[in-house]
Amino acid sequence: MNFKQLEAFLAFMTTGSTIEAAQRLGTSQPAVSRLLSQFESDLGLPLFMRRKGRLVPNSEAEALLPDVQNMILNANSLQRHVNQLRLGGLRRTLMRVQLPSSVAQTVMPAVAESFLNDHPDVALEVLVGTYETSEAAVLGREADLALVRSPTLNSGLETVARLDTDAVCIVPPGHALEALPEVGPGDLIGVDMVLLGRQRLLRQQIDQVFRQGGMVPQIRAEVHAVEMACRLVARGIGVSVVNGLFARLCQDMGVICKSFAPRIGYSLGMVTLAGEPRSPLVLELSRRIIDEMSRMVGSDAFTLVEP
């Protein structure tokens, strides 16, 4: 038995699905199934029934669940303790936040400076990841706070603030589309495009809008981060349709944001682990991140919704 098997078991028992467990762990569904099978084999104890191709936990699995939860909690506590010692001993409280690359690169330097100056007893770790891995990081207590897509894929997360924004079309300076008051699918016919990967939710929404507008995008490049889309657009490789908040954070790369119609709404959430007391430091860090984004992009780039 190993720690990855325990994580897979807990994720499956929590979500009830090997697919959702894989999303939570940032791995594949076959990998989760393999870990669960190995876990059963190593224990020498059947834990699941197979019904119509699905795994169903039996009473033995339910009985083991509290023990596995405690083992993972203790392991994460140990890792946090080790990290605290590495960062200067027990005098410092370690805080970890996981963000998309564009936010981490542009927003966090100023936030980290001011936050750490005001809290000398705190050590801050800034992690970068996808929305899916960020959810998993909070659920696994590897991060105290994360910026993810809203609504979340997994239960067990509490949203402390929601940011609503719209998609925009980004173009390089001097592009013909720069003169338009807003850009729509018909304006992009025959225009080279840089689009997010097909597995991204925003890309699926964009493709749907294009289909409804009778337009087939002329794709020159596909990327997997808004920051990279902005860099390619700035070099004149094509234009793109991306999250408006993230695009405005990257405007210093040399891109111009144009309104896009029809509207494609996009929601993000600052999330923490549900069921835990709200840490004043975590809430303060969340507020500072949002305040810095507002300072950088202006109040019209997103709408803040607090519960």
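The values are calculated or read from the model by the stated rules, or taken from the named source; none is laboratory data. If you're wondering where the values come from, they're calculated on a predicted model, not measured in any experiment. Cβ atoms come from the backbone with ideal geometry, glycine included; neighbour counts cover every protein chain shown. We work out accessible area using only protein heavy atoms, side chains counted, and drop any ligands, DNA or RNA first. Shrake-Rupley method; radii C 1.70, N 1.55, O 1.52, S 1.80 Å.
Inter-part distance, segment 154-196 to segment 206-226, computed on C-alpha centroids, equals 11 Å.
Each of Val68, Leu99, Pro120 was placed along the dipole of the chain (beta-carbon charges, centred on the mean Cα), and the one lying farthest toward the positive end is Val68. Cα centroid separation, segment 1-63 to segment 251-304: 35 Å. Expressed as a whole percent, the accessible area of the chain that falls on carbon and sulfur atoms is 50 (1.4 Å probe).
Taking the Cα centre of segment 3-65 as reference, the dipole from Cβ charges on Lys and Arg (+1) and Asp and Glu (-1) amounts to some 300 debye. Ordering Leu304, Phe48, Leu285 by the projection of their Cα atoms onto the charge dipole of the chain, which places +1 on the Cβ of Lys and Arg and -1 on the Cβ of Asp and Glu, puts Phe48 at the extreme positive end. Using the alpha-carbon positions of the chain, Rg (one decimal) and Dmax (whole number) come out as 22.0, 69 Å. Amide H contacts for Leu157 (H built 1.01 Å from N in the peptide plane; partners 5 or more residues away or on another chain; cut-off under 5 Å): Ala274. Compactness ratio for segment 159-307: Cα radius of gyration over 2.2 N^0.38 Å (N = residue count) comes to 1.12.
For the chain, the solvent-accessible area works out to 49 Å² per residue, with a probe of 1.4 Å and every protein chain left in place. Take every pair of alpha-carbon atoms less than 8 Å apart whose residues are at least six positions apart; their mean separation over the length of segment 3-65 yields a relative contact order of 27 percent.
Across the chain, Cα pairs under 8 Å and at least six residues apart give a relative contact order of 20 percent.
Using the Cβ of Leu180 as centre and a radius below 12 Å, the other residues enclosed give a net charge of -2, where K and R count +1 and D and E count -1. Isolated cysteines of the chain, defined as having no other cysteine beta carbon under 4.7 Å away, are Cys169, Cys257.
Think of each Lys and Arg Cβ as +1 and each Asp and Glu Cβ as -1; about the Cα centre, that makes the dipole of the chain roughly 580 debye. Given a cut-off of 15 Å, what percent of all Cα-Cα pairs of segment 149-244 lie beyond it? Result for the distance tail: 63 percent.
The packing ranking, built from the mean of other Cβ atoms within 10 Å per residue, places the peptides 177-183, 136-142, 154-160 in the order 136-142, 154-160, 177-183, highest first.
Calculation over all alpha carbon pairs of segment 1-54 in 5 angstrom steps from 0 returns a P(r) of 4, 23, 33, 26, 12, 1 percent. Here's the picture: charge each Lys and Arg Cβ at +1 and each Asp and Glu Cβ at -1 in the chain, and of Gln218, Val233, Pro185 the one pushed furthest to the positive end of that dipole is Gln218.
When shorter helices are ignored and each DSSP H run of at least 4 residues is given -39500 (n - 2.57), the per-residue value for the chain at 222 nm works out to -13500 deg cm²/dmol.
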